[in-house]
Amino acid sequence: MTKQTLTLFFYAMSGLMLSATHAADIYVAPGGSDASGGTSDQPLASLAAAQKMARKAAGAEAVTVHVADGIYYLPETLVFAPQDSGTEINPVVYKAVNEGSAVLSGGSKLELNWQPYENGIFQAKTPAGLDVDQLFINGKNQRMARYPNFDASKKTEAYQGFAADAFSKERAANWADPTGGYIHAMHSKRWGGYHYLITGKDAKGEVTYEGGWQNNRQMGMHKDFRMVENVFEELDAPGEWFHNAKTSTLYYMPESGADLPNAAVEVVRLRHLIEFRGSESKPVKHITLQGFVVRHAARTFMDTREPMVRSDWAIYRGGAYFLTGTQHIQILDTEFDQVGGNAVFVNHYNRHTLVKGCHIHDAGASGVCFVGDPDAARDPLFEYREKNDLTKIDRTPGPKTDNYPSRSAVEDCLIHGIGRVERQPAGVMMDMASEITVRDCSVYDCARAGINIGDGAWGGHLIERCDVFDTVLETHDHGSFNSWGRDRFWHSDRGISQAEIDKDPKLPFLDAVKTTTIRDSRWRCDHGWDIDLDDGSSNYDIYNNLLLSGGLKFREGFRRRAWNNIAVNNTFHPHVWYANSNDEVYANIFMDTYKGVRTPTKTAFGKRIGGNLIFGGNLTKTSGWDEGSIVADPVFVGPANGDFRVKEGSPALKLGFKNFPMDQFGVKKPSLKAIARTPVIPTLEVASGGVGVASARTMTWLGATLSDLSGEEFSAFGVSKDEGGVAVMKVMKRSEAATAGLQKGDLIQGVNGHATVDVKQFNRVVRRADGTLKLKVVRNQQEIEVKVSR
């Protein structure tokens with residue numbers, strides 16, 4: 001027998017052996033046994049046993065693990081390594097026999113003997129050493145005892161209930177021992193939130209705590225938006241619970257009419273249920289997980305502490321499903337139900353990850369995250385105020401290594417209820433990642449952004465046919481789509497980066513090397529912008545988008561092209577532009593005069609801002625804007641029904657506008673589309689002189705022109721509209737204001753310690769003041785003091 005014949009004989013016999021042991025089809029069922037053969041009539045009991053059996057056949061032939069209906073409580077995280085890999089021809093598939101009926105749980109089921117305690121509270125003994133972070137009753141996540149109490153009707157209120165005295169000394173006087181409780185507080189500017197672990201009380205009765213590292217822009221907690229939980233004395237509302245680990249006692253106040261003795265009680269143990277752990281050199285490849293329900297993943301907010309590259313966020317690198325070092329991993333038709341942190345986290349090197357047909361809802365943090373290694377970026381900085389010396393940076397375009405996610409996709413997914421615990425999440429988030437596609441997704445009910453890109457490294461993303469709305473519900477100064485572009489070139493003092501960009505126009509594209517496209521999607525943000533390209537976001541194409549509320553914002557970037565978009569009841573917001581940005585905004589339908597803030601020179605207005613139709617507003621006639629633009633009625637087909645196509649003969653068509661489909665937005669999978677919400681369609685608000693335009697109050701003071709701001713205009717100054725302020729629009733040369741040091745673009749928020757939220761209040765305070773005035777001024781998002789002698 002020749003060597004070749006012997007080899008063929010060996011493979012043939014191997015195939016027969018695999019077939020004989022049914023290695024290509026492995027069966028798992030709750031009533032099975034891990035000592036069985038894994039056949040359909042003798043199934044295994046666990047996925048871990050199925051993994052061991054599948055590993056023997058992986059790569060040699062296609063392997064399918066059939067998982068029967070039931071709940072599978074994972075004793076530990078199931079980790080897939082390179083040796084579990086399939087191939088393109090012979091993939092490995094773990095598949096629920098019936099989609100949505102095989103549940104993977106990172107928790108445990110408790111058998112409890114409930115006894116009455118007091119005031120409608122019941123108690124039960126728990127196993128010794130049990131750590132309870134989340135409690136599920138009949139599959140529904142209950143709430144830790146908290147103050148103030150949860151109110152579901154307060155959807156857009158911080159924590160659905162907040163109180164300035166949440167952990168005040170007076171409140172804490174009623175707490176015997178709050179150790180182990182948590183403080184949740186919004187950022188002082190409402191740019192996300194902070195979380196703290198209560199460590200006790202000091203000798204004066206003040207609450208002591210540690211934490212607050214969850215937000216990358218450290219400015220302290222908001223004075224009002226605070227909530228405390230996991231304090232026994234605050235257990236006073238139906239659905240609340242408290243676990244005393246010292247006495248192994250669980251306390252719970254059931255909802256009215258609940259059958260507590262017969263209720264299914266589950267607690268959470270694992271942070272990660274499934275992990276794929278490989279590397280760039282030895283990736284985990286060609287494995288599919290399909291059709292499961294994923295529950296009971298622990299909250300991770302106290303470990304959300306790694307800053308991303310000059311982002312507002314910090315992150316926890318983990319999720320219910322965690323991928324690192326993979327190729328061609330698919331997560332299909334999976335429901336992520338009330339997981340405590342991120343649902344899916346795609347970490348460092350990953351290629352061709354596909355998340356498709358999934359339902360992700362009520363997640364503590366983000367839905368799907370793609371986050372690379374900061375060491376893959378050139379000259380990375382981590383905190384907003386950190387600055388590069390632009391004369392010394394690496395001028396090599398693109399990443400330094402391949403240790404980041406790329407060429408991956410989230411498709412046909414329903415994502416909602418994002419940020420139930422943390423306040424800087426997104427339905428889909430990309431940071432230090434390239435060429436990520438988000439397609440045919442419905443994303444809504446988000447504490448912050450629906451889709452977020454954390455930087456320009458390294459672009460090439462595609463967002464299309466998505467429906468994103470009801471976002472920025474609890475935070476401030478973001479959008480349904482939100483991005484930052486604080487890349488190598490960016491500086492908070494744009495004059496510094498402007499000087500270098502004038503010398504080298506390629507500088508803004510060292511990181512944003514590939515164009516990101518946003519198209520054919522519908523957006524609605526009632527608490528910010530529909531599409532918000534913030535802080536240097538560069539290299540974007542934006543077209544065929546329907547913007548239902550917040551309009552379109554560009555700030556401090558380069559080569560952004562927006563055409564064929566419709567902004568209902570809103571307009572274009574140019575904030576703080578660089579000179580010679582090469583931006584183009586044309587053939588759009590806007591419904592208001594542009595709302596520019598701190599765009600000081602003609603060259604800052606881009607390559608082409610014109611050829612648009614303005615409905616109900618006015619043309620901007622300064623600095624060469626609006627050449628070829630018109631004021632006219634676009635003649636929409638059926639705006640009351642959400643059909644904002646224009647009729648034949650519309651003046652918009654003469655400007656080059658082209659109709660695009662109004663029935664393409666959001667999830668397409670029939671089972672998900674049947675339960676997906678759609679946004680409220682606004683009523684057109686067309687009024688003479690503009691849509692929702694309030695004439696700004698102005699005044700002249702010491703040679704400076706001061707003006708009120710409104711709405712989201714405060715974003716341009718890095719402050720919240722709650723704080724208010726008076727914008728310096730112009731400063732005459734050699735005027736008293738100029739001599740004192742006031743500059744165009746300053747924001748005056750106070751005089752001699754008195755707040756000045758608008759021009760009227762500023763005038764009142766100044767008239768009553770004597771002697772030297774000490775102005776609290778925000779310049780380049782930093783507070784300074786300017787003294788004015790009179």
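The values are calculated or read from the model by the stated rules, or taken from the named source; none is laboratory data. Since we're looking at a predicted model, the values are computed, not measured. With ideal geometry, Cβ positions are generated from the backbone for all residues, glycine too; neighbour counts draw on all protein chains shown.
For region 157-177, a residue qualifies if it is in a loop (DSSP other than H, G, I, E, B), crowded, with 21+ Cβ neighbours inside 10 Å and aliphatic (A, V, I, L, M), and exactly one does: Ala166.
Working only within region 283-315, note down all residues that are touching a Gly at 6+ places or on another chain (Cβ under 6 Å), among the hydroxyl-bearing types (Ser, Thr, Tyr) and under 27 Å from Glu266 (Cβ atoms). Hit for region 283-315 is Thr300, nothing else. Within region 659-675, is even one residue crowded, with 20+ Cβ neighbours inside 10 Å, in contact with a His (Cβ under 8 Å, 6 or more places away or on another chain) and of a type outside the set (D, E, K, R)? So far as region 659-675 goes, yes, one or more of its residues are crowded, with 20+ Cβ neighbours inside 10 Å, in contact with a His (Cβ under 8 Å, 6 or more places away or on another chain) and of a type outside the set (D, E, K, R).
Name the residue that is modelled with the lowest pLDDT, counting only residues in region 661-701 that are among the charged types (D, E, K, R), in a loop (DSSP other than H, G, I, E, B) and within 27 Å of Asp467 (Cα to Cα). This residue is Glu685. Here the condition is being under 22 Å from Ala512 (Cβ atoms), out of contact with any strand residue (DSSP E or B) (no Cβ under 7 Å at 6 or more places or on another chain) and assigned by TED's automatic domain parsing to the domain that holds Ala449; of Asp373, Asp379, it holds for Asp379 alone.
If the condition is being in contact with a His (Cβ under 6 Å, 6 or more places away or on another chain), closer than 21 Å to Phe292 by Cα and assigned to a loop (DSSP other than H, G, I, E, B), then region 95-145 contributes Val97, Gly106.
Does Arg561 satisfy the condition of being surrounded by fewer than 24 Cβ atoms within 10 Å (Cβ to Cβ) and under 25 Å from His491 (Cβ atoms)? For Arg561, the condition - surrounded by fewer than 24 Cβ atoms within 10 Å (Cβ to Cβ) and under 25 Å from His491 (Cβ atoms) - is met. Of everything in region 178-198 that is closer than 20 Å to His478 by Cα and hydroxyl-bearing (Ser, Thr, Tyr), the residue that is surrounded by the most Cβ atoms within 10 Å (Cβ to Cβ) is Tyr194. Here Ile331 meets the list (1) within 26 Å of His478 (Cβ to Cβ); (2) modelled with pLDDT of 95 or more almost entirely, failing just condition (1).
Of Gly86, Gly100, all but one fail to be surrounded by 15 or more Cβ atoms within 10 Å (Cβ to Cβ), over 22 Å from Thr326 (Cα atoms), small (Gly, Ala, Ser) and touching a residue at least 40 places away in the same chain (Cβ under 8 Å); the exception is Gly100.
Of all residues in region 641-688, those being in the same structural domain as Cys441 (by TED's automatic domain parsing) and touching a Lys or Arg at 6+ places or on another chain (Cβ under 7 Å) number 5.
For Ala68, state whether it is of a type in the set (Gly, Ala, Ser) and within 30 Å of Asn138 (Cβ to Cβ). Even if it seems obvious, please write down each step before you answer.
Values: of a type in the set (Gly, Ala, Ser): yes; within 30 Å of Asn138 (Cβ to Cβ): yes.
The answer is yes for Ala68.
All told, Gly550 meets the bar of being outside the structural domain of Gly718 (by TED's automatic domain parsing) and closer than 22 Å to Pro679 by Cα. Could you grab me the full set of residues in region 201-231 that are buried (at least 18 other Cβ atoms within 10 Å of the Cβ) and over 30 Å from the mean Cα position of the chain (by Cα)? Scanning region 201-231 gives Lys201, Val207.
Of the strands (runs of 3 or more DSSP E) entirely within region 536-649, those holding at least 3 residues that are over 30 Å from the mean Cα position of the chain (by Cα), more than 29 Å from Phe509 (Cβ to Cβ) and not basic (Lys, Arg) occupy 636-638. Beta carbons closer than 6 Å, at least 6 apart along the sequence or on distinct chains, pair a first residue in region 697-725 that is within 16 Å of Thr756 (Cβ to Cβ) and of a type in the set (Gly, Ala, Ser) with a second that is part of a strand (DSSP E or B) and modelled with pLDDT under 80 for Ser707/Thr698.
So which of Pro238, Pro254, Pro261 is surrounded by fewer than 22 Cβ atoms within 10 Å (Cβ to Cβ) and part of a helix (DSSP H, G or I)?
Testing whether each residue is surrounded by fewer than 22 Cβ atoms within 10 Å (Cβ to Cβ) and part of a helix (DSSP H, G or I) leaves just Pro261.
Residue check: Ala314 meets all listed conditions (1) within 30 Å of Val371 (Cβ to Cβ); (2) out of contact with any Pro (no Cβ under 7 Å at 6 or more places or on another chain); (3) surrounded by 15 or more Cβ atoms within 10 Å (Cβ to Cβ); (4) in contact (Cβ under 8 Å) with a residue 60 or more places away in the chain but one, namely (2).
Here the strands (runs of 3 or more DSSP E) wholly within region 350-396 that include at least 1 residues being in contact with a helix residue (DSSP H, G or I) (Cβ under 8 Å, 6 or more places away or on another chain) and at negative phi are 359-363. Suppose the filter is of a type in the set (Val, Ile, Thr), buried (at least 24 other Cβ atoms within 10 Å of the Cβ) and part of a strand (DSSP E or B); does Val346 pass it? Yes. Close contacts from region 757-771, counting a first residue that is free of Cβ contacts under 8 Å to residues at least 40 places away in the same chain and a second that is surrounded by 13 or more Cβ atoms within 10 Å (Cβ to Cβ) and in a loop (DSSP other than H, G, I, E, B), with Cβ to Cβ under 7 Å and a gap of 6+ residues or different chains, come to Val757/Gly724; Val757/Gly725; Val765/Thr756; Ala769/Asn752. For region 451-478, a residue qualifies if it is outside any strand (DSSP E or B) and hydrophobic (A, V, I, L, M, F, W, C), and the qualifying residues are Ala457, Trp458, Cys466, Val472, Leu473.
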